[in-house]
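Peer 1: Sharing a structure here in structure tokens format.
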Amino acid sequence: MLILTRRKNETLRIGDDILITIVDIQGDQIRLGIAAPREVSILRQELYEAVRDSNARAALTVQNADMLSLLKKMPNKDEKK
Amino acid sequence: MDKKIHFPKGLIGLENYHDFTLSTLPEQTQFWLLQSSEDKHFGLVITNPFWFMPDYDFELTESEIKQVGAKENLDVFVTVNVAATPENITANLMGPIILNQSTGSGFQILIADKKYTTQYKIMSAKMAGG
């Protein structure tokens with residue numbers, strides 16, 4: 001991992017077309033401005049981790065065959081409430 | 001009827017699973033099993049989100065549209081966490097699975113929308129909303 005120091009209003013360039021600017025610093029919070037091509041996806045890492053963990057948990061529940069039978073209690077498509 | 005689905009990029013955080021079989025579950029019309037063809041111990045229950053959340057929506061980025069490859073014949077599913085009590089069965093609304101029926105390929109995408117959670121209680125909404 002590359003570690004480098006930037007100050008407020010300074011910018012970092014990644015590749016040809018990604019620019020990251022330190023817009024504001026308040027205590028332990030840093031506001032970043034990111035300019036990147038539209039096809040580059042930018043996400044908070046916590047979101048990725050939340051979905052990854054949910055996938056792993058969902059897979060665990062399926063290993064338990066008894067769990068699947070519980071779904072039988074769920075409403076079916078044709079049932080009107 | 002079982003359907004083979006190829007996930008070119010795997011699932012989020014589980015990038016090494018690429019090939020799945022989509023099959024129905026006994027006595028179920030709303031839930032399907034997405035079973036890994038590479039690992040018999042790995043499978044996910046998925047459901048159509050619209051029966052419990054009719055206004056579920058999200059936007060695909062241009063690169064996601066390119067990946068999925070079409071705008072027609074797409075099915076949207078969400079993964080389900082099965083729990084011992086129906087009230088605690090949750091759906092992950094932040095990582096929907098998009099299946100392209102014409103190519104037999106699937107993609108899980110990440111939705112960065114604060115209104116959705118990874119642990120949405122399916123039944124509580126059904127019971128409260130009516």
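Peer 1: The conditions are (1) closer than 23 Å to A:Q63 by Cβ; (2) touching a Pro at 6+ places or on another chain (Cβ under 7 Å); (3) of a type in the set (F, W, Y), and B:Y56 fails exactly one of them. Which is it?
Peer 2: (1)
Peer 1: Here's something else I'd like to know. Can you name every residue in the stretch A:1-41 that is surrounded by 10 or more Cβ atoms within 10 Å (Cβ to Cβ), of a type outside the set (A, V, I, L, M) and part of a strand (DSSP E or B)?
Peer 2: A:T11, A:R13, A:T21, A:D24, A:R31, A:G33
Peer 1: Considering each residue of the stretch B:72-82, count those that are in a loop (DSSP other than H, G, I, E, B), within 17 Å of the chain's Cα centre (by Cα) and surrounded by fewer than 19 Cβ atoms within 10 Å (Cβ to Cβ), and give that number.
Peer 2: Going through the stretch B:72-82 one residue at a time, the tally reaches 1.
Peer 1: Among the residues of the stretch A:20-44, which ones are polar (S, T, N, Q) and within 11 Å of another protein chain (Cβ to nearest Cβ)?
Peer 2: Answer for the stretch A:20-44, where residues must be polar (S, T, N, Q) and within 11 Å of another protein chain (Cβ to nearest Cβ): just A:S41.
Peer 1: Then there's this: Any idea how many residues of the stretch B:15-62 are in contact (Cβ under 8 Å) with a residue 24 or more places away in the chain and either assigned to a strand (DSSP E or B) or of a type outside the set (A, V, I, L, M, F, W, C) (or both)?
Peer 2: 14
Here's the yes/no breakdown for (1) at pLDDT 85 or above; (2) over 17 Å from B:I111 (Cα atoms):
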{"residue": "B:L44", "(1), (2)": "yes, yes"}
{"residue": "B:P49", "(1), (2)": "yes, no"}
{"residue": "B:F52", "(1), (2)": "yes, yes"}
{"residue": "B:F58", "(1), (2)": "yes, no"}
{"residue": "B:E62", "(1), (2)": "no, no"}
{"residue": "B:A70", "(1), (2)": "no, yes"}
{"residue": "B:V76", "(1), (2)": "yes, no"}
{"residue": "B:V80", "(1), (2)": "yes, no"}
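Peer 1: Need the failing condition index for B:T90 against (1) under 14 Å from the mean Cα position of the chain (by Cα); (2) at pLDDT below 85, just the number.
Peer 2: Checking B:T90 against (1) under 14 Å from the mean Cα position of the chain (by Cα); (2) at pLDDT below 85, the one that fails is (2).
So that you can scan it fast, the table gives a plain yes or no per residue for (1) out of contact with any Pro (no Cβ under 8 Å at 6 or more places or on another chain); (2) more than 14 Å from B:V80 (Cα to Cα); (3) modelled with pLDDT of 70 or more; (4) not small (G, A, S):
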{"residue": "A:Q45", "(1), (2), (3), (4)": "yes, yes, yes, yes"}
{"residue": "A:R52", "(1), (2), (3), (4)": "yes, no, yes, yes"}
{"residue": "A:T61", "(1), (2), (3), (4)": "yes, no, yes, yes"}
{"residue": "A:P75", "(1), (2), (3), (4)": "yes, yes, no, yes"}
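Peer 1: Still on this structure, I have one more. Does B:A91 qualify as being touching a helix residue (DSSP H, G or I) at 6+ places or on another chain (Cβ under 8 Å) and exposed (fewer than 13 other Cβ atoms within 10 Å of the Cβ)?
Peer 2: No: the conditions fail for B:A91.
The values are calculated or read from the model by the stated rules, or taken from the named source; none is laboratory data. This one's a predicted model, so the numbers in the text were calculated from it and none came from an experiment. Note that each Cβ is placed from the backbone with ideal geometry, even for glycine, and that neighbours are counted across all protein chains shown.
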